[in-house]
Structure formats: structure tokens, C-alpha cells
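One structure, as C-alpha cells, below. Some questions next.
Each reported figure results from applying straightforward, stated rules to the coordinates on display, with no laboratory input. Because the structure is a prediction, the values reported are computed rather than measured. For neighbour counting, all protein chains shown are included, and Cβ atoms are generated from backbone atoms with ideal geometry for every residue, glycine included.
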Amino acid sequence: MKEWIKAVGTRKPGTRHLSYDEAVAAAHAIARGDSTDAQTAAFLMAMRMRGESEEEMTGFIDVFRKYSLPYRSFSHSLNCAGPHDGRSCFPVTIPVCLLLASVGFPQVLHGSESFSPRTGQSLKSLLEGLGIQVVLGAREWETAFLQLGIGFIWTELMCPPFGRLRPVREQMGLRTLLDTVEQAMNPVHSQNIVLGVRHKTAMERLLKLLPKSGVETAYLIQGMEGTEDLPLHKNSSIRKVTPWGDEASTIDPGTFGFHGAPLEKCGKERQLELLERIVQGEEAPELRNEREHVVFNAGLRLYWFDKVGSYEEGFQLARSLLQRKEAFKLLVKWRELSGIGRSGKLSRKKMSG
């Protein structure tokens, strides 16, 4: 590992980017555990300071895929990979995915546990809080997914090297190339993908990598907290990526008649309470801001991935699905199929009672 650290180090003359084959060798050393924690941290830090090349990123993605469980292909699904540092406000993407899956558009979420629950809640933690069993082997997951059209893949279970590297990443406390690798894994070979990014540098990096992953249509979004969720109080930058190129645009919620305040930061219990109430179709005035965020984001995705003929049709469909409690019906099935659902106990208050 030392030779790769010397090659990418930032303070010595002659440092350079690794070739694809060199990146593959370095990635294997890290994934197998041949690299010590100190060496891995030094390599990741050097790469972060200098910036990763496309060949380096491609090499790491290819290697980590080889160490992953062999899931079957579900190419017509939409893949959503959450940020590793979690969400500190209402997780819009969960009810959005439930709505889309309820009309036959398969949804795959994947991600790891948040490195610091104080900074935000991971999708894994929130789904477990909703009563979903997420620790499933590949065959178990596929069986459930075929019946439900929605599923969550825990990155550290899917790809064991991520679990082994977790202490290193926690101690570093910084975003590294492994965050991009994790987002671009595309575990079931989805042709559609929506990813959140924090800045345009990450967006530029991903738009070069995703077409190599077999993705037909990808949307990269500078959303709330680096997620794929667009806010209502301001414009959002997005990039649509296809094998034929990419297109930059700005989404203004006001154009579609949507207006709202920034979502308030809240802890896990509050996020779970909001999720339960929203998916159950509650229309209480105090839920309006969160509910409108769900309708807006669901409508966008329905149109972006050609499930409806216009944005307006997407918003109308999302609103109707919420009112008919379609997201909640699917959540109940997900709980039951996961083996830890609690039949007849529909609210978190009742579940804990």
C-alpha cells in the first residue's frame, strides 16, 4: 500500500494520479484488509486533498462491486442512495419512494448507518424505526422486493469491506472517495437513479461515472442536506445524465405553484412521527409543509422517469395517492413481509403502547 500512498501524496515531487490498473490494485488492498487502518486513512486523505481522477474512481467502484453480494438485476427500478451523514429534518424521500412503488415503479434505497446520529438520521435507522427489517440476505431481499416493489439495501451488509472500513471513516470524519463509491454502487443494476450531492464538484464527478454503471437516466440534485430531496423555499440545481450526454437546469418550485418554508431540523422520534402521519394521509394544517414537499418531489420523479405525461399530472397523482393512503398500505405490507410488523398497530403511539 505504501507505493500507492507515495504516488498520490500531495507534498512530494512526482506525485500523480493512479492509472486504472493501479487504482484497482490499491482498492483490492483496502477491500481485502491488506492495508492497515493508518495506511488506508493516509491514502484516502491524500486522494481527498489532491482530487480523484475518473480512472481512479472507476477502478475503486469496479473493485468494490466485486466484493458485493450478487443481487439479481432489477433494471426497471429507480435507485436512491442517501448521504452517509444522514438527515436532520423530515426525510422526504421515504414517503416519495412508497408513493412511486405503490403505482408499480420499483424503488431501491441503499446506504449505510450515519457516522454520527447527532448530525442526522440514516435511512437504515429510520426504516428500522418504522418497523422494517433491513438485515436481509440477497435472496431474502429479492423475494421481498418482487412482492413489494420497494426495498432497502444496507451497504455494509451488501459489501462487507464497507463494514470493515467504517471505523476508519468514522475517525477521519471527512467525506472521501468511498462516499462516491458507495453512491455509485447501483446494487441491482437500476437503469434509473437519483442522487443527492452537496456541491458541483461531486456532481461533475458522478456525471462521468454513472453512464459506465449501466444507468440510462440519472438525476443529480443539490438537494436539502446533500440529499436527493428538493426544497420548496428556493431553487435547486439539477443535472440530467444519459449515455448521450448531460443537461443542466434549475427547478423553481414557484413555477408549479409550490411554496413552503425550510424544513425544520428534528430528531429521530419526530421524523418518525411525521413519516407515520404523512403516509397515513393526514391533512392537518401543521403537516402542510412536509406534505407539500412529498407531493412536489414525487411529482417531479414521476415525470422525470416517464411515468406521467406532465409535471402537473405527476403532482395530481402524488396528491391522490397520499389521500388514498397508498403509501401507508404499502408500508404495512413491508412491515408484515419483513417479519417484524405489528398487525393492527398502525401508529407509532399504538406500536409503542
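Using alpha-carbon positions, what is the distance between the centroids of region 38-106 and region 242-274, in Å?
19 Å
Pop the C-beta distance of His189 and Lys240 into the FRET formula with R0 = 22 Å and round what comes out to the nearest 0.05.
Calculated value: 0.65.
Still on this structure: Determine the gain in length on full extension of the stretch Lys329-Thr15; use 0.36 nm per residue of separation and subtract their C-alpha separation, reporting nm with one decimal.
107.4 nm
Taking the Cα atoms only, what angle lies between the long axis of helix 326-338 and the longest principal axis of the chain, rounded to 10 degrees?
It is inclined by approximately 60 degrees.
When the C-alpha atoms of region 229-277 are aligned to their principal axes, what extent does each axis show, in angstrom, from largest down?
On the principal axes, region 229-277 reaches 44, 26, 17 Å in Cα extent.
Whole number please: convex hull volume per residue of the Cα set in region 24-93, in Å³?
Expressed per residue, the convex hull around the Cα atoms of region 24-93 is 152 Å³.
If the chain between Glu312 and Ser75 were fully stretched, how many nm would it gain, using 0.36 nm times the residue separation less the Cα-Cα distance?
Gain on extension, Glu312 to Ser75, equals 82.6 nm.
I need the phi-derived Karplus couplings for region 39-47: 6.51 cos²θ - 1.76 cosθ + 1.60, θ = phi - 60°, integer Hz, Gly and Pro marked x.
Each residue's phi maps through the Karplus curve to give 5, 4, 4, 5, 5, 4, 5, 4, 5 Hz.
Percentage of Cα-Cα pair distances in region 186-288 greater than 20 Å, rounded to whole percent?
51 percent
What do you get for the angle between helix 288-304 and the principal long axis of the chain? Use alpha-carbon atoms, 0 to 90 degrees, nearest ten.
Roughly 60 degrees between the two axes.
If we restrict to alpha carbons, what Rg and Dmax does region 1-144 come to, in Å?
Answer for region 1-144, Rg first and Dmax second: 18.7, 57 Å.
Taking Cα pairs under 8 Å and at least six residues apart, what relative contact order does region 204-353 come out at, in percent?
Once divided by the residue count of region 204-353, the mean separation gives 16 percent.
Hey, if you put +1 on the Cβ of every Lys and Arg and -1 on every Asp and Glu Cβ in the chain, which of Leu207, Trp304, Cys89 ends up farthest toward the positive end of that dipole?
Farthest towards the positive end: Cys89.
Can you give the three extents of the C-alpha atoms in the chain along their principal axes, from longest to shortest, in whole Å?
Dimensions of the chain along the principal axes of its Cα atoms: 63, 43, 35 Å.
Let me ask something else about it. Would you please state the base-10 log of I(q)/I(0) at q = 0.13, 0.26, 0.27, 0.31 1/Å for region 202-256, with intensities from the Debye formula using one equal scatterer on every alpha carbon?
Results for region 202-256 at q = 0.13, 0.26, 0.27, 0.31 Å⁻¹ read -0.33, -1.01, -1.06, -1.23.
Please report the equivalent ellipsoid semi-axes of region 279-340, computed as sqrt(5 x eigenvalue) of the Cα gyration tensor, largest first, in whole Å.
Its equivalent ellipsoid spans semi-axes of 22, 16, 9 Å.
What full-extension length gain, to one decimal in nm, is calculated for Lys208 and Phe256 as 0.36 nm per residue of separation minus the Cα-Cα distance?
14.2 nm
In degrees, nearest 10, range 0 to 90: what is the angle between the Cα axis of helix 268-279 and the longest Cα principal axis of the chain?
On a 0 to 90 degree scale, this one is about 50.
Over region 241-317, calculate the relative contact order: mean separation of alpha carbon pairs under 8 Å at least 6 apart, over the residue count, as a percent.
23 percent.
Given Cβ point charges of +1 (Lys, Arg) and -1 (Asp, Glu) and nothing else, what value in debye, to the nearest 20, does the dipole of the chain about its Cα centre take?
Roughly 660 debye, rounded to the nearest 20.
Oh, and also: If you project the alpha carbons of region 94-214 onto the principal axes, what extent comes out on each, in Å, largest first?
Projected onto the principal axes, the Cα atoms of region 94-214 cover 39, 31, 25 Å.
Of the trypsin sites (Lys or Arg not before Pro) in region 47-123, which ones lie in a loop per DSSP and count no more than 11 other C-beta atoms within 10 Å?
Counting only loop positions with at most 11 other Cβ atoms within 10 Å, the trypsin sites (Lys or Arg not before Pro) in region 47-123 are Arg118.
For an R0 of 45 angstrom, estimate the FRET efficiency from the Cβ-Cβ distance between Ala25 and Cys266 and round to the nearest 0.05.
Result of the calculation: an efficiency of 0.50.
Of all trypsin sites (Lys or Arg not before Pro) in region 204-253, which ones are in loop regions per DSSP and have a Cβ with at most 13 other Cβ atoms within 10 Å?
Lys234
Taking amide H atoms as placed 1.01 Å from N in the peptide plane, list the residues 5 or more away in sequence, or in a different chain, whose amide H sits under 5 Å from that of Arg87.
Gln121, Ser122
OK, next. Please report the orientation-averaged projected area of region 62-164, defined via the convex hull of its C-alpha atoms, in nm².
For region 62-164, averaging the hull's shadow over all directions gives 6.6 nm².
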